[in-house]
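So the structure is just underneath, and the comments pick up after that.
The values are calculated or read from the model by the stated rules, or taken from the named source; none is laboratory data. Note that the structure is a prediction, hence the values are computed from the model and not measured. Reconstructed Cβ throughout: ideal geometry from the backbone, glycine too, with neighbour counts over all protein chains shown.
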Amino acid sequence: MLRVEGLAKRFGGYQALADVDLTVEPGSVHAVIGPNGAGKTTLFNVITGLLSPTAGSVALDGRDVTGWRADRITHAGIARTFQQVRLFRGMNALENVMVGRHARTRGGFGAALVRPPFRERSEEVETRRRARELLEMVGLASRAGTWAGDLTLVEQRRLEVARALASDPRLLLLDEPAGGMTAVEVEDLNQLIRKIRESGVTVVLVEHHVRLVMRVSDVVTVLDAGRVIASGPPDRVRQDPRVIAAYLGREA
Amino acid sequence: MLLQQLVNGLMLGSTYALIAIGYALIFGVLGLVHLAHGEVFMMGALIGLQLVLWLHAGPAVALVGALLGTAVLGMIIELTAFRPIRARHGPVFAPMVSTIGVGLILQEVATKVFGGEQVGFPHRLEPVTWRVGPITISSVQLLILGVSVALMVALHLWVTRTRMGMAMRASAESTLTARLLGISTDRVILVTFAVASALAGAAGVLVGLSFNAISPFMGIDMGVKGLAIMLLGGLGNIYGAMVGGLLLGAVEVLSVAYLASSYRDAFVFAVMILILLFRPQGLFGVGHIR
Amino acid sequence: MGSYWESVLIFLGINTVLALSLYLPISAGQLSLGHGGFMAIGAYVTVICTTWLGWPFAAGLAAGGLAAAIAGALVGFPALRIRGIYLIILTMGFGEIVRIFFLNFEPTGQASGIGGIKHLTSLPVVSVVAALMLVCLMRFRGSRIGRALRAVQEDEVAAEAMGVNLTRVKVAAFALGALGAGVGGGLYAHQALFIDPAQFGFFRSAEIFLIVVLGGVGTYWGPVVGAAVVTLLPETLRFVQEWRMTVFGTLLVLCAVLRPAGLLAPRRHTPA
């Protein structure tokens, strides 16, 4: 599905990522964990084209997408959420998800004006229907008309998931989706992630919430100081002495 | 020839610098653009001219009068066109509307009170010229250079040595920090406007002396150019504005001498646009940009 | 209707067209203080087509709008790199360059401009153009592309992550804005009957900017209301003859102070 090889990113004198290899199997939930500053978000930013890598490659289903612009990456089938929520705050929840459909719809300036009786209208209707469906899926159906900026943080995180799913991704990157959630809300998120996986979307997850990671993911990759120090099933990674030293030990 | 042109450019540039510094001071503390700053410059020229015409004052008195008059004018503008918008947390472009309004008022007042004609200072201020090697310098040019340099040195001492000047720099760094340090931001802003406007007023008299073309509309071009120079030096950077002014003066004079003279202003703006595109932090800026 | 008021209404319509032309760029987060430059290009090109080449008015307006749109795309590409106050100053510099160009361009009469322009702009023509623009903008807003523009204004990074091609959308918005200003310039020239570079200087750009900001950024009716204020107020202030601009200026200051977000301020959402 996703194949990252020898990926490196350097900011001036700071090596944020060094020789990162990562292989995500189709249909899996793959977690990337590590202490603060380990390079998890940088990894996401490089994969999704917000940053270009210093070295290495990113391939999606065998197609090299290294260094592509972010919008082309989305067209290729990768969608993401942001650690610091980046919704369109002045638009309502439904409109946010409809913007998410951008990559899968075609109407341009001309179409907006001319609006031929069939194609454009049906595309608009379809976009709206799909957006409502996704809001339903993340439990925000009743909040469709609410301004994104007025939603609670937890609702905003779920709206970001719906917006990302709207681009019909094959691969969904979630950047700390459990941030600021209570235990009950994390359980809801757990269910949501399972539902997404069942719908055929592969999920990569950056998360601090260890319990969630251990429960939901098939594979866990641990980053420390920009390098992969362990990778494997959650149970095995949990026992790995290097991981305990680098991450779990430090956190506890 | 080249040397002479450079001297002329320096002269012109030092008046540009005075105006650009004003923009930089105000942008520094407020992060806003003052679109009537060119009109403050124009008022400085007219106040100076009237002092010479009515009171038969010499250039020194005209200069001081213009400095004081525009300082007061600047404070009035801050109190009426900026502070009330700040109090209501208006968007950044609201002060642009209010200062366009102020500009219109000042232009009409100037036309009504002083007449709409282009006038010059009376020739009582006979220029004397000296030759220094290959260069010719007139007394007016020396006056311009002397006054500009003196004002810039004074400004430098003010921002580095006085409590108020340091408070202004602190506010420019961060309004919040300044407040935490117990600095009254409103007072600092008021003084900043006075200083910025006084510099523009002085520039008005100096330009009036050298070009003999004072009119209620002389501030429009100068205002746009001063803004461009502030940008050249880096937004809100007063030393950048000084160097930027001198540089642009030189570029302008040289482009008149060696390129098509009628396109001189277009050339200046083209340089500005290139800098915006390739070094948006300005020639000397180091800070990040939004 | 007296011809005086007819002409006032025509100018009101032209100002509405000019202000509406800023709507799309603003939707994509691009404020411009250089629309006087695009207006000048539109005015000169339209006049050349109608007066010198004898084209019909509509064809002339189309040519003027197209020329301005091309210039807009040329400015829009480099303008992608910057935003906010930098973009405002860049567009201002562009407006000045256009003015200085026409000031020196011999075929169009340099500073003395072009006179003897046929009076082709009428109230029906202006109304149709303004109404057409308003309808177009309303259609944009609810469309895929209109949503993309708003998304770009809200958060460029997130918009790009949704698959929006920032370059294409922003350059297109800017070019379409320039097109509107070009058409407005053509209409203006055939009402003023005489054009020279001085009419398209910084003050013209500032006036267009003013109309939009005064009315309220991000609303369709804002530009219309703003245009009404800016056009009609100085006219109705004729009783104060001598001090018209002073009263007008004072009213501007009051508007900015009392309704800083514009007369028709849209609903404020929680700032980011």
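Quick notes on this structure:
- Checklist (1) without any contact (Cβ under 8 Å) to a residue 12 or more places away in the chain; (2) under 22 Å from the mean Cα position of the chain (by Cα) applied to B:L145, failing item: (1)
- Matching entry among C:A175, C:A130, C:A148, C:A159 (being under 20 Å from the mean Cα position of the chain (by Cα), buried (at least 20 other Cβ atoms within 10 Å of the Cβ), under 30 Å from A:T48 (Cβ atoms) and at pLDDT 90 or above): C:A175
- Here A:S142 meets each of (1) touching a residue at least 24 places away in the same chain (Cβ under 8 Å); (2) closer than 27 Å to A:E123 by Cβ with one exception, condition (1).
- Candidates in region B:86-95 are the residues that are part of a helix (DSSP H, G or I) and surrounded by fewer than 23 Cβ atoms within 10 Å (Cβ to Cβ); of these, the one that is farthest from the chain's Cα centre (by Cα) is B:A87.
- Of everything in region B:218-229 that is under 20 Å from C:V75 (Cβ atoms) and of a type outside the set (V, I, T), the residue that is farthest from the other protein chains (Cβ to nearest Cβ) is B:K225.
- If only residues of region C:133-145 that are free of Cβ contacts under 8 Å to residues at least 40 places away in the same chain and within 17 Å of the chain's Cα centre (by Cα) are counted, the one that is nearest to A:G100 (Cα to Cα) is C:C136.
- Of the criteria (1) among the β-branched types (V, I, T); (2) surrounded by 24 or more Cβ atoms within 10 Å (Cβ to Cβ); (3) assigned to a helix (DSSP H, G or I); (4) more than 14 Å from every other protein chain (Cβ to nearest Cβ), which one C:T121 fails: (3)
- Selection over region B:230-265 of residues that are away from every other protein chain (no Cβ under 11 Å) and either in a helix (DSSP H, G or I) or surrounded by fewer than 20 Cβ atoms within 10 Å (Cβ to Cβ) (or both) gives a count of 23.
- Residue that is farthest from C:G37 (Cα to Cα) [pool: residues in region C:124-145 that are more than 14 Å from chain A (Cβ to nearest Cβ) and not small (G, A, S)]: C:P124
- Scanning region A:1-56 for residues that are surrounded by fewer than 20 Cβ atoms within 10 Å (Cβ to Cβ), of a type in the set (A, V, I, L, M, F, W, C) and within 14 Å of chain C (Cβ to nearest Cβ) gives A:L50, A:L51.
- Of all the criteria given as (1) more than 11 Å from C:A178 (Cα to Cα); (2) at pLDDT below 95, the one not satisfied by C:P25 is (1).
- Residue within region A:148-159 that is touching a strand residue (DSSP E or B) at 6+ places or on another chain (Cβ under 6 Å), at the interface with chain C (Cβ under 10 Å from one of its Cβ atoms) and buried (at least 18 other Cβ atoms within 10 Å of the Cβ) present: no
- Those residues of region C:80-108 which are part of a loop (DSSP other than H, G, I, E, B) and more than 9 Å from chain B (Cβ to nearest Cβ), in sequence order: C:L80, C:F105
- Residue match in region B:108-119 (condition: touching a strand residue (DSSP E or B) at 6+ places or on another chain (Cβ under 8 Å) and surrounded by fewer than 22 Cβ atoms within 10 Å (Cβ to Cβ)): yes
- When every residue of region B:171-181 is checked against the conditions, none turns out to be farther than 30 Å from B:A270 by Cβ, among the hydrophobic types (A, V, I, L, M, F, W, C) and touching a residue at least 60 places away in the same chain (Cβ under 8 Å).
- Restricting attention to region B:76-124, the residues that are more than 10 Å from every other protein chain (Cβ to nearest Cβ) and of a type in the set (S, T, Y) total 0.
- Subset of region B:18-62 [touching a helix residue (DSSP H, G or I) at 6+ places or on another chain (Cβ under 7 Å), within 14 Å of chain C (Cβ to nearest Cβ) and not in a helix (DSSP H, G or I)]: B:L32, B:V33, B:H34, B:L35, B:A36
- Under the condition of being part of a helix (DSSP H, G or I), farther than 22 Å from B:A228 by Cα and either away from every other protein chain (no Cβ under 14 Å) or over 17 Å from the mean Cα position of the chain (by Cα) (or both), the residues counted in region C:40-79 number 25.
- Residue list for region C:170-213, filter: in contact with a Leu (Cβ under 6 Å, 6 or more places away or on another chain), over 16 Å from C:G42 (Cβ atoms) and either within 14 Å of chain B (Cβ to nearest Cβ) or not basic (K, R) (or both): C:A173, C:F209, C:V212
- Residues of region B:58-85 satisfying the condition of being of a type in the set (G, A, S) and surrounded by fewer than 17 Cβ atoms within 10 Å (Cβ to Cβ): B:G58, B:A60
- Condition broken by A:V184, with the remaining ones in (1) loosely packed, with under 15 Cβ neighbours inside 10 Å; (2) in a loop (DSSP other than H, G, I, E, B); (3) aliphatic (A, V, I, L, M) satisfied: (2)
- So A:G107, is it away from chain C (no Cβ under 11 Å) and free of Cβ contacts under 8 Å to residues at least 60 places away in the same chain: no
- When we screen C:A19, C:A28, C:A43 for residues that are touching a residue at least 24 places away in the same chain (Cβ under 8 Å) and either among the hydroxyl-bearing types (S, T, Y) or under 15 Å from C:G76 (Cβ atoms) (or both), the only hit is C:A28.
- Where A:G200 falls short, out of the listed (1) touching a residue at least 60 places away in the same chain (Cβ under 8 Å); (2) more than 14 Å from chain C (Cβ to nearest Cβ); (3) in a loop (DSSP other than H, G, I, E, B); (4) surrounded by 15 or more Cβ atoms within 10 Å (Cβ to Cβ): (4)
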